[in-house]
Every structure is written in structure tokens, then in C-alpha cells.
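We did not get these values from a lab; they are worked out from the coordinates using the rules stated. Remember, it's a predicted structure, so these values are computed and weren't measured experimentally. FYI the Cβ positions are ideal-geometry reconstructions off the backbone, even for glycines, and counts take in every protein chain you see.
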2 protein chains.
Amino acid sequence: MNEQIQTELKNLLNNRFSTSESTRANYARGEDTFDPILSKAVVFPETNEEVSKILGLCNKHKIPVVPFGTGTSLEGNVVGNDKGITMCLEKMNKILSVNVEDFDCRVQACVTKEQLNDYLREDGVFFPIDPGANAAIGGMASTSASGTMAVKYGTMKSVITGLTVVLPNGDIINTGGRTKKTSAGYNLTNLFIGSEGTLGVITEIQLRLSPIPESIMSAVCHFKTLESAVQTAQQIIQYGVPIARIEMLNKDQMEISINYSKLKDIEAVPTLFFEFHGSDTSNQENIKVVEEISKENNGSSFKWAKDLQERNKLWKARWDVYYSVKALINNGRVYSTDVCLPVSKITECVNFAEEQTKKLGLRAPMVGHLGDGNFHVLLPYDPTQKETYKKIRDFSDLLIQKTLKLNGTITGEHGVGLHKKSYLIKEHGDNIPLMQSIKKTIDQNNIMNPGKIFDLN
Amino acid sequence: MNEQIQTELKNLLNNRFSTSESTRANYARGEDTFDPILSKAVVFPETNEEVSKILGLCNKHKIPVVPFGTGTSLEGNVVGNDKGITMCLEKMNKILSVNVEDFDCRVQACVTKEQLNDYLREDGVFFPIDPGANAAIGGMASTSASGTMAVKYGTMKSVITGLTVVLPNGDIINTGGRTKKTSAGYNLTNLFIGSEGTLGVITEIQLRLSPIPESIMSAVCHFKTLESAVQTAQQIIQYGVPIARIEMLNKDQMEISINYSKLKDIEAVPTLFFEFHGSDTSNQENIKVVEEISKENNGSSFKWAKDLQERNKLWKARWDVYYSVKALINNGRVYSTDVCLPVSKITECVNFAEEQTKKLGLRAPMVGHLGDGNFHVLLPYDPTQKETYKKIRDFSDLLIQKTLKLNGTITGEHGVGLHKKSYLIKEHGDNIPLMQSIKKTIDQNNIMNPGKIFDLN
């Protein structure tokens with residue numbers, strides 16, 4: 001990046017253009033296992049037009065651009081580019097409109113899930129996509145995120161009805177719209193969702209909201225074995241109970257969470273966290289079914305979260321799982337797997353993961369959004385210990401192999417990033433040429449987050 | 001299409017290649033307002049490999065291909081091509097697999113919604129996307145269809161998790177998979193859904209099914225004015241009642257349906273058809289809320305469909321709406337509008353449609369999937385009466401203009417076809433260059449259903 005371009009960017013953005021080493025280091029990676037890569041500069045646009053000008057300039061000079069939100073991604077999706085710039089959208093954090101009567105809103109890319117829900121609280125509606133981190137909604141769109149409530153409310157793919165995207169050539173386009181459905185031309189909205197910043201920069205998101213349910217009830221149920229916990233979840237889904245969350249934590253993760261989040265009155269054994277959203281009557285009815293299924297699998301009797309505070313503490317502990325594992329090792333990192341399977345195959349796959357980590361002598365806390373067939377093994381390690389990392393990688397390879405055999409996918413919600421490019425070839429090798437040709441058409445100079453998801457030949 | 005190509009196709013397909021005028025006429029258009037266009041030949045492949053060979057051949061010789069399912073599309077999506085062939089998939093009508101425990105199945109493109117549901121009946125699951133016609137599931141995927149139950153169960157976009165697609169160059173690819181969610185690379189599945197056969201031929205569809213609810217209750221409520229019926233629906237949605245269907249028929253349509261479907265004990269006034277899916281208790285609870293809202297809007301007391309037979313008759317009448325209107329005029333056609341709006345804007349738009357059709361002296365039966373903000377005006381006409389058609393077209397233009405002003409979309413579920421190309425420019429002009437470039441990348445010789453959705457420059 002020569003001086004002329006730097007001057008142009010500085011003229012455009014003033015102090016929102018930075019080449020200081022500390023800033024570049026702050027935006028050099030997400031919550032992933034990669035070593036940081038410092039981009040040449042970091043820019044902080046405030047408007048669609050600024051994003052457009054920056055991309056237009058970078059496209060002209062073939063300078064790579066890495067879009068960056070809150071940096072909570074897990075697969076190396078936002079690792080910097082030493083020949084390019086990182087574009088942090090944190091100044092685009094405005095809630096642009098809320099239409100309570102239509103259950104929809106429009107936000108800029110760096111509005112976070114908590115910021116939006118705080119804002120909406122008094123309106124009786126909420127944004128139901130709930131990943132662990134307090135992620136930016138633009139970032140969540142980019143990785144097609146989901147989280148604990150997808151079993152009831154769907155994923156980013158199902159709640160986004162429109163986007164504003166700035167294309168690599170600087171064009172600003174609006175896809176989709178405000179209606180619940182449309183058949184008007186190609187579904188560009190869903191092409192950008194999950195494209196991890198490789199096709200353009202998502203700057204605005206049109207979202208569907210949900211009414212806050214009349215009644216919310218949370219409960220915890222303990223199990224003697226992980227298998228019986230997982231089977232319980234599997235049966236609840238197969239029974240068709242409309243549950244809002246059904247989260248599994250294995251023994252190891254329970255121990256870690258109890259320490260980290262100072263949970264009381266809760267045992268360090270395989271556990272399911274439940275949440276029911278509905279009317280009082282329908283919740284009671286569903287709880288009865290779930291309790292029965294749990295009992296049949298030798299689950300303990302339910303422990304209820306009595307009030308909002310206790311409920312929030314419970315879910316906060318669930319959200320903090322990643323950080324609780326990370327805190328185990330000084331300067332440690334966490335390698336998180338993210339496979340997702342047909343519901344009937346989860347028990348087999350979770351069992352496999354337990355066996356293999358034991359065999360390899362790895363500490364393996366696990367959490368799962370079992371309602372979706374999605375679970376994570378969170379493997380903590382010291383990056384200076386190459387051997388542990390190698391074992392983790394071996395385990396990950398085995399898990400992917402097993403998952404694909406069971407008709408699962410290599411990633412339920414974290415995306416591909418740098419980390420899973422070889423796994424993507426295993427799952428979708430026959431599709432990658434088409435993905436590549438779409439990429440080349442939209443981003444002729446390969447400036448958008450190059451090297452992520454797949455390599456170009 | 002020269003003789004050599006005809007010979008090659010004949011060698012490949014034997015009597016599943018036809019150039020007879022009657023066959024070509026049978027597949028020359030769908031249920032639309034266009035004059036039939038006869039393709040040079042019609043082919044009936046039976047396997048993915050045959051589809052691949054046909055496309056490969058046509059691509060080499062730049063021969064247009066129009067994919068064809070049951071021919072129930074409404075916007076000219078399957079009108080023939082006088083320089084090309086029509087590829088009818090009716091021989092690809094097998095249900096390939098059903099996994100009840102995972103609520104999923106895989107079907108070939110020409111399995112119809114009724115065929116699938118008949119097959120599934122004893123398994124306790126069903127396919128919940130319900131357009132009026134007994135359409136082919138591949139066709140429903142191609143137009144991103146939905147219908148009466150989208151308010152609860154979503155659209156084709158939300159129930160399809162994977163596809164087999166044959167690309168214009170003959171490549172056979174598998175997109176997505178069997179899991180409820182995935183973040184593995186670009187969402188190609190949703191690129192093909194709604195692409196109306198312009199990017200390739202969808203030959204297999206992986207679908208999510210739903211458990212048959214414990215209790216289903218149907219009811220009918222009459223209103224003095226269309227406005228109060230529409231407002232009732234709007235309020236029910238805004239209240240967040242989890243209803244499975246909420247269908248509006250205006251006075252005119254009620255008269256027509258009562259005659260055509262021989263309905264008894266039902267008045268020819270603006271009417272809402274309701275259906276509730278859930279447990280007995282939750283249905284009772286939701287019905288109470290809906291009855292109250294209806295009463296507040298001066299609705300009649302509910303009339304219940306007492307048994308399955310009566311319920312089926314009610315919904316059969318609803319499905320037959322299109323044919324009931326078509327039967328009004330000998331050799332008549334029906335021009336169906338298909339706008340979809342944010343729920344808060346439906347009343348204004350339906351009122352507008354009523355006023356304008358009155359002003360123009362048009363007979364205007366209306367039906368609406370009001371839970372989604374989607375409604376259709378079904379305008380019958382005699383194709384020899386050019387003046388009526390002109391008036392209808394004027395009305396359609398006004399309705400589209402109004403819809404776009406109210407943040408609506410030009411098509412909720414029928415697609416663009418030949419009919420709405422100019423409307424698509426009004427809604428998504430800024431997107432069309434991107435759609436075109438994707439089309440050109442995937443279909444370099446523009447053989448796939450050329451001239452549909454948009455023109456190429």
C-alpha cells in the first residue's frame with residue numbers, strides 16, 4: 001500500500017485511519033487459534049458511502065480488505081492481511097428503525113445482540129438469535145450464526161429479510177426487503193449471509209423480531225452419563241416438543257462453569273439446561289412431557305430457575321463457556337469444534353467425541369445446542385505446547401470424518417474462515433468450483449477477505 | 001435444432017423425446033396469461049445423468065432449455081421457447097428417502113405436495129408448504145413458493161436444506177445437506193431456490209418435515225366489510241398468536257367458491273378461514289384470543305369444521321379458488337396479482353385494491369395469506385377482450401406502485417417469470433446487474449430458461 005493511497009484514506013477518514021502498531025494488533029484476529037496477522041492499516045468508516053469509497057479505492061489498487069466486527073469469530077474469519085487493510089465497522093452501530101407492529105427492525109452492522117435487545121426491551125419484542133458472544137449482527141450475518149435459541153427461532157438465515165451490501169467495486173445495493181417472504185428474483189440476501197466478508201461488506205441488516213413470550217421458564221436436569229443426557233435431548237426433539245432452548249454441558253464443562261461463573265446448588269455432572277417460551281399453560285404442558293422423557297433416561301428432578309436474576313445467571317454461565325475454558329490456561333487458546341448432525345445421529349457422534357478425546361488424553365469440555373444437532377468440543381491448550389495442538393488437530397480430523405459419515409456438516413454456526421478450508425473440500429468439493437466462480441464474478445480482483453472459506457486457483 | 005442433435009436426443013431418450021405437435025402444445029405454458037409458445041421438442045429424462053447429458057448437449061449447441069414440472073406456475077415461468085426444448089421432469093417423481101426420526105426426506109423434482117403427504121400420512125409427519133395447486137416440489141423450489149401455512153411453517157426457502165442441481169454445463173452438484181443448519185461455505189441452496197430454472201435444473205430436494213399436530217381445529221368467521229376482516233387478521237398477527245393458517249376471501253370470491261365448490265351453511269360475505277395446530281389445550285387458548293379479536297371487529301361467531309371431512313372440504317374450496325375463477329369464463333384466463341406487504345400495511349393495500357378495481361369496473365375476487373401480508377386479486381377475463389386485459393394491466397401497475405410505496409414486494413410466492421420483469425426492475429433495479437452477472441457466470445451460453453426473471457443485455 002503506497003503513500004498515495006494512505007494519503008487518500010487519511011483525507012477521507014482523518015483519525016479514523018490508523019497505522020499504529022497497537023491498533024493494528026488490536027484488530028489482527030478474532031477469538032481463534034491463529035497467530036495474529038497485522039494488516040497495514042485499520043479503517044473505521046461511519047457511513048455506507050465511506051465504505052463504498054474505501055472499497056472503490058482498494059479495488060482500483062488491488063488492496064485486500066478484511067471486514068471486522070466485534071472480533072468474536074472463532075475460525076480465523078477476521079485474521080488480518082499483511083498486504084491489506086482491516087475495515088472495522090464498530091462506528092456503524094446505530095439502530096436505524098424499529099417497527100414493533102411488524103416485528104422488524106433495521107440495524108447497522110456493528111449493533112450487537114445485547115445492544116439491540118436492551119433497546120427493544122420496552123417494546124415487547126426481542127431479537128432471538130443468541131450465540132455465546134455479544135457479537136455484532138453484521139458479523140453474525142457473515143458467518144450465518146445461530147446459537148442457543150435456533151431450535152425455536154431459527155438462524156440468521158431465517159430472521160434476516162434484507163441487507164445493504166457494499167460490493168468490492170464500491171456499488172451499494174439493497175437486497176430483500178421488509179416483507180416476511182418474497183419471490184422477486186435471485187435470493188441475494190442469502191448469498192451474502194454466510195459469505196464471511198468474501199463477497200462484499202454487509203453494512204445494514206433488516207431483521208425479523210419475535211414477541212417476548214408471555215411466560216419463560218428455565219430448568220436444569222442432571223444425568224449420570226453424557227449419553228443419557230444426549231438421548232433425552234434427542235427424544236424431546238423427536239417428540240416434537242416446542243422448546244426454546246435445550247443445551248447440553250458435559251461433566252468437564254460443568255466443573256469449569258461452576259468455578260468460573262460461581263454457580264451454586266448445581267452438580268458437576270452431565271446436565272441439560274432447558275427453556276420454555278409460551279403461555280403459562282402451554283409451557284406447563286410441554287414441561288410435563290420433557291420431565292417425563294428426562295425421568296425415563298434417569299435424569300434428576302428438574303431444578304427451576306426461580307426468578308429472572310437466577311435465570312439470567314444460568315444463561316450467563318452458558319454464554320461464558322468459551323471464556324471459562326479459555327481462562328484455564330494462562331495465555332491459553334481454545335480450539336472449538338462445531339459439527340452439526342441429523343438429530344438421530346447426535347448420540348453416536350457425542351459418544352465418539354468422548355471416546356476419542358479420552359484416548360488422546362485431551363481435556364474436552366463440551367456444550368451442545370442439541371435441539372439443532374449442533375455441539376462443540378472446547379479444547380484448551382497452551383500455544384507453546386505443539387504436541388497438544390497436534391493431538392487436538394488429530395481429534396478434529398477424526399470428528400469431521402465421523403460427522404460426514406453420519407450425514408453431518410463441518411460447521412453448524414461458526415463458518416469456515418481459515419480453519420476449515422480443507423474440511424469444506426471434504427464436505428462440498430463438488431460445489432467449490434461454483435462458489436469460486438461466484439466469488440470471481442463479484443470480486444474480480446479478489447480483494448474481499450482473500451484466502452478465507454476457500455483458496456482461488 | 002438440427003437433425004444431428006435430434007438424433008442424439010432420440011438415441012438417449014427413445015420415446016421420451018417428442019416433437020409431436022400435441023405434446024409440444026401440452027407443455028407450452030403454465031397456468032398463466034400468456035399465449036402458448038411451442039418448443040421444438042419435449043424431453044422426459046428419468047435420471048440426473050440423463051438431465052446432465054441433455055444439458056451438456058444443449059449447452060454445446062446453445063439450445064435453450066425450459067424446465068417444466070406440473071405446469072401450475074402463474075407468471076409465464078414455463079412458457080416454451082421456439083428455438084429450444086422443454087424439459088419435463090414428470091418421470092422424476094420418486095420419494096427417495098424418509099427419515100421420520102429426523103423429520104426429513106429427499107424427493108425427486110416432480111413429486112407433488114399431495115403425493116408426498118399421502119405417502120407420509122402414516123408416519124406422523126407432513127410436508128407443510130401448501131400452495132393452491134398440487135404443484136411439483138421442484139417447481140415450488142424454483143419459484144420459492146409458500147401458500148396457506150407459511151405463517152406457521154415458513155416457505156420453501158425455510159424447509160429446503162439441500163438440493164441436487166444439474167448445471168447448464170452438465171455438472172451435477174449437491175448443495176446443503178440433511179442438517180437443520182450449516183455455515184459451510186456459500187448458501188448455494190438458496191441461490192437456486194427462486195431462480196426459476198434460469199441457473200440449472202433442480203432434480204432432487206432435501207426437505208424438512210413437520211410432526212402432524214396432536215390437534216387441528218378449523219373455523220370460519222364472517223365480516224360485514226373486507227376492511228374489518230383484514231384488520232382482524234392484522235391484529236391477530238400483531239398479537240403474536242401462533243396460528244397455522246389465516247386466509248381471507250372477499251365477498252366476490254366467496255360467491256364464486258360457494259357456487260364452484262358447493263359449500264353449504266356459509267355466507268357470501270368477507271370471510272376469514274382459520275386453522276390452529278397444536279395441543280388441544282394450546283389450540284383452545286389461541287382460539288379464545290382469536291375469537292375475541294374477531295368479535296371486536298364485528299366478526300360473526302366462529303363456525304367450526306366439525307370433522308376431518310368438513311375441514312378438508314373447506315380447504316379444498318380454498319385451494320380451488322384459482323380454478324373457480326377460471327371457470328367463470330369459457331376459455332377464460334385469470335390474471336393473478338401476488339403482492340406481499342409488511343403486516344401493518346395490508347389493510348391500506350387491500351382497501352386500495354378494492355377501490356381501484358371498482359373504479360375500473362373489474363370483477364375482482366380476492367384471497368389472502370394474511371398472516372404473511374400476501375394477497376392475490378384474481379382477475380378473470382376473456383383473452384379476446386383486449387380492453388378488459390388493458391384495464392387489468394393498468395390496475396396491476398397501480399397496485400405494484402402502491403405496494404412498493406408501502407415497503408412491499410412485487411411477488412410473495414409466484415415468482416417473476418415473463419410477467420413481472422418490468423416490476424422487478426422497479427423493486428430491485430440496483431440488484432439486477434449482480435443477478436445478471438451471476439447468471440452469466442453459471443450459464444455462459446444463456447440456455448437455461450432464457451428471458452425469464454430478467455433480460456440479459
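Miscellaneous remarks
- Placing dummy labels 7 Å off each Cα toward the beta-carbon, the span from A:Ser422 to B:Thr19 is 5.5 nm.
- Cα centroid separation, region A:71-129 to region B:298-338 (Å): 44
- Across identical copies of the chain, A:Gln436 has label-point separations of 2.8 nm, listed in ascending order, with the point defined 7 angstrom from Cα along Cα→Cβ.
- Dividing the convex hull volume of the alpha carbon atoms of chain B by its residue count gives 146 Å³ per residue.
- Qualifying trypsin sites (Lys or Arg not before Pro) for region B:155-254 [loop in DSSP, other Cβ within 10 Å: at most 16]: B:Lys224
- Amide H within-cut-off set for B:Phe302, under 5 Å, with H built and near neighbours excluded: none
- Residues whose amide H comes within less than 5 Å of that of B:Phe126, counting only those at least five positions distant or on another chain, are B:Ser210, B:Ile212 (H built at 1.01 Å from N in the peptide plane).
- Taken along the Cα-to-beta-carbon direction at a fixed 7 Å, the label points for A:Lys295 and B:Lys440 span 6.7 nm.
- Taking each residue as 0.36 nm, the span from B:Glu46 to B:Glu122 lengthens on full extension beyond its C-alpha to C-alpha distance by 24.6 nm.
- Cα-centred dipole magnitude for the protein assembly as shown, charges only on beta-carbon of K, R (+1) and D, E (-1), debye, nearest 20: 1400
- Between region A:130-194 and region A:357-405, the alpha-carbon center distance in angstrom: 29
- Chain B: angle of helix B:346-360 to the longest principal axis, Cα-based, in degrees nearest 10: 80
- Taking the square roots of five times each eigenvalue of the Cα gyration tensor of region B:95-211, the equivalent ellipsoid has semi-axes of 21, 15, 14 Å, listed largest first.
- Helix B:308-319 vs. chain B, principal-axis angle (Cα, 0 to 90°, nearest 10): 60
- Position A:Glu255, label points 7 Å along Cα→Cβ, spacing to each other copy in nm (shortest first, one decimal): 7.8
- Around the amide H of B:Thr161, modelled in the peptide plane, lie the amide H atoms of B:Gln206, B:Leu207, B:Arg208, all under 5 Å away and 5 or more residues distant in sequence or on another chain.
- Per-residue Karplus couplings for region B:168-176, computed as 6.51 cos²θ - 1.76 cosθ + 1.60 with θ equal to phi - 60°, are listed in order as x, 7, x, 4, 9, 10, 10, 9, x Hz, Gly and Pro entered as x.
- Every helix of 4 or more DSSP H residues in the protein assembly as shown counts as -39500 (n - 2.57), and over all residues that averages to -11000 deg cm²/dmol at 222 nm.
- Pairwise label distance in nanometres, B:Asn259 with A:Lys83, each label 7 Å out on the Cα-Cβ vector: 7.2
- Our coupling estimate for region B:231-239, obtained by passing each phi through the Karplus curve with A = 6.51, B = -1.76, C = 1.60 and θ = phi - 60°, is 4, 4, 4, 4, 5, 4, 5, 5, 6 Hz, Gly and Pro reported as x.
- Surrounding net charge for B:Glu90, when Lys and Arg each add one and Asp and Glu each subtract one, Cβ distance under 12 Å: +2
- FRET efficiency estimate (nearest 0.05) - Cβ-Cβ, B:Asp394 to B:Gln4, R0 60 angstrom: 0.80
- Burial ordering of A:Cys110, A:Cys340, fewest other beta-carbon atoms within 10 Å first: A:Cys110, A:Cys340
- Charge tally in the Cβ shell below 14 Å around A:Asn11, where Lys, Arg are +1 and Asp, Glu are -1, A:Asn11 excluded: 0
- Here the 3J(HN,Hα) profile of region B:195-205, calculated from phi with Karplus coefficients 6.51, -1.76 and 1.60 at θ = phi - 60°, is 8, 6, x, 8, 10, x, 10, 6, 10, 9, 10 Hz, Gly and Pro shown as x.
- Where trypsin sites (Lys or Arg not before Pro) fall in DSSP loop in region B:1-65, at most 16 other Cβ within 10 Å: B:Lys62
- Label geometry 7 Å along the beta-carbon vector: A:Arg363 inter-copy distances in nm: 7.8
- Degrees, to the nearest 10: B:280-296 long Cα axis against longest axis of chain B: 70
- Residue order, fewest to most surrounding Cβ atoms within 10 angstrom, among A:Glu227, A:Glu292: A:Glu292, A:Glu227
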